[in-house]
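The values are calculated or read from the model by the stated rules, or taken from the named source; none is laboratory data. If you're wondering where the values come from, they're calculated on a predicted model, not measured in any experiment. We place every Cβ from the backbone using ideal geometry, glycine too, and count neighbours over all the protein chains shown.
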Amino acid sequence: MATSPGSPQRAYRAACPNCGAPVEFASAASASAVCGFCRSTLVRDGQSLLRIGTSAELFDDHSPLQLGAGGTHQGVAFTLVGRLQYGYEGGTWNEWHALFDNGRSGWLSEDNGAYVMAFEAPTPADAPALDALTAGQRVLADRRPWDVASVVKAHLIAAQGELPRPPQLHGDFLVADLRSGSDEVATLDGSDSGQVGWSIGRPVLLASLAMSGLAAGAGEKTLGARGIACPNCGNALEIRLASTQSVSCGQCNAVVDVSTGVGGELKHYTQNNTSEGGLGPQIPLGNSGNLALGTGEPQPWQVVGYQERCDIPEAGSDDEQTFWREYLLYNRSLGFAFLVDAEDGWSWVRPITGAPQVKGDRAQYKGAGFQKKYSYDAKVTWVQGEFYWKVTRGERAHVTDYVGIGGDSRKRLSREQTRSAAADKSGGQAGGQAGTEVVWSAGAVLEANAVADAFGIPAGDRAAMQRDVAPVSGTAKGMSIGHIVVVIVVLLILLSMLSECDGSDRCDELRQAFGANSNEYKQCVAQRGSGSSGRTSGGSWGGGGGHK
């Protein structure tokens, strides 16, 4: 337990009825526990314990949290005494039972390097029906407006330690995450048979909780020691982050799903589209740079993933199709961020917990006003590195980008709505819109030189990073060498990406036969045209990928 003077004394201890090992309860209010020796799920019945089943083994997700770890929240010490590990189509997440020294119970949710401290409350009388919710919907609950961020069908993987009530050992149930304009997170949870639970929390950082007793180095533990071989080519896969759900092979570029462990046959798909001829990330994977991404002082961020995306043309549109790059950045204390390299410049965004208030084409978030600039469908065409979500082939999302108004013109907001493969197959009918998700991200523009300085890009490679160059008119005689390099690089990027985004077999055949710089291939590209929801430049400044 936490060591503050107000720590409660141990309230209850009994022998496991299955194996005889001691089972201890730190709180008199706890009704259930899982034996640490035989994994029997136990409930208290007076002064004895009853065995109601057996919990499965925990999936080793290398969480930095563990039973017995303690911290302080809002001035009150707490200890982690129990754990529920859940799975859903997109991966896994943990709910840690936090017992406070004042006797209160809370839940420290851990998902993709982000944390929320939440407390259970009576389900509001005006709470919407869980099975009727849709991601992106606005609802009233507890007499307040909420935006539905996700609706997923989940199941319990395993339980551990001391719990306030018996866990649901079998079957699926719906979980809906709701977000408010004040950064609150509410959860409607159908895991209790016949009842819907309600909890409200706010995001927290492990550093702000002053945690002690964390698992040494767990957040950086590699799975590579298990000898994971690429299922496509047999090459050894290097996995550096605990939260990785998908990883690309460094040899054959296959994308491998490691979200459900590494035993048996690993799901994967091969890639053969962009990044031909040496194109790819201009910032090498693994590089670290110090950037102030909403943190005031610069913090170290490491490039752990890279993806290329394009917008999807609307039939009959003559607008120019656009392409952009996104680097997934990781900081052990702050989680993940996206560094976006688009035609109209560089920017960064980080996923946010709250839901900006949207009226028409305007949005409001933390006192800043935003104007909608683009709305379009986007598609992932190429990935490298590690990702905290399960990357799927041709992953799609509907994106809406906002730019700051007035004095906030450098700020950016992005809303991405995705659908899971299961939701697409069922048409979203089974269990409401289970599997859909809305993610908001917030950030700001960056200067190309600031990015280059942070990651130590050599001087000879910096010209290719300049995206905010004025359009060049006239003949090449008046162009600087830097401008020429930029034009050549952008042309090569567009030509390499078009083969995947436009899907024209004819043009792809010409490119393979005559080369990307041939007149035959260029004429084919020019003749087929493209379009995209009224967008004529730039690219998404939202981070791709789903997360609970």
Practice item. State yes or no: is residue 288 among the hydroxyl-bearing types (Ser, Thr, Tyr), touching a Phe, Trp or Tyr at 6+ places or on another chain (Cβ under 8 Å) and in contact (Cβ under 8 Å) with a residue 24 or more places away in the chain? Key: yes
Practice item. Filter the range 93-114 down to the residues that are in contact (Cβ under 8 Å) with a residue 24 or more places away in the chain and under 13 Å from residue 175 (Cβ atoms), then identify the one that is nearest to the chain's Cα centre (by Cα). Key: 111
**Study point:** Lone qualifier among 154, 149 - being under 16 Å from residue 195 (Cα atoms), at pLDDT 90 or above and in a strand (DSSP E or B)
**Key:** 154
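Of everything in the range 310-337 that's hydrophobic (A, V, I, L, M, F, W, C) and over 30 Å from residue 206 (Cα atoms), which residue is farthest from the chain's Cα centre (by Cα)?
For the range 310-337, the residue satisfying everything is 315.
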Revision key, fill the gap. In the range 331-340, anything of a type outside the set (Phe, Trp, Tyr) and crowded, with 23+ Cβ neighbours inside 10 Å is listed as 337, 339, 340
Study note, to complete from the structure: Over the range 3-26, the set of residues at pLDDT below 70 and in contact with a Phe, Trp or Tyr (Cβ under 9 Å, 6 or more places away or on another chain) is 10, 11
Exercise for review: Go through the range 372-472 and tell me which strands (runs of 3 or more DSSP E), entirely inside it, have 1 or more residues that are modelled with pLDDT under 85.
Suggested key: 411-419, 436-446
**Study point:** Residue list for the range 167-186, restricted to those being in a loop (DSSP other than H, G, I, E, B), crowded, with 19+ Cβ neighbours inside 10 Å and out of contact with any Lys or Arg (no Cβ under 8 Å at 6 or more places or on another chain)
**Key:** 167
Study note, to complete from the structure: Note on residue 72: of the conditions (1) over 15 Å from residue 212 (Cα atoms); (2) surrounded by fewer than 22 Cβ atoms within 10 Å (Cβ to Cβ); (3) touching a residue at least 40 places away in the same chain (Cβ under 8 Å), unmet is (1)
Practice item. Go through (1) on the phi > 0 side of the Ramachandran plot; (2) more than 20 Å from the chain's Cα centre (by Cα) one by one and return the number of the condition residue 183 breaks. Key: (2)
Check your understanding: Does the range 50-70 include one or more residues that are part of a strand (DSSP E or B) and at pLDDT 85 or above?
Key -> yes
Practice item. Could you list, in sequence order, all residues of the range 83-123 that are under 18 Å from residue 353 (Cβ atoms) and not in a strand (DSSP E or B)? Key: 90, 112, 113
Check your understanding: Which strands (runs of 3 or more DSSP E) does the range 199-308 wholly contain that include 1 or more residues that are touching a Pro at 6+ places or on another chain (Cβ under 9 Å) and either modelled with pLDDT under 80 or surrounded by fewer than 18 Cβ atoms within 10 Å (Cβ to Cβ) (or both)?
Key -> 288-291
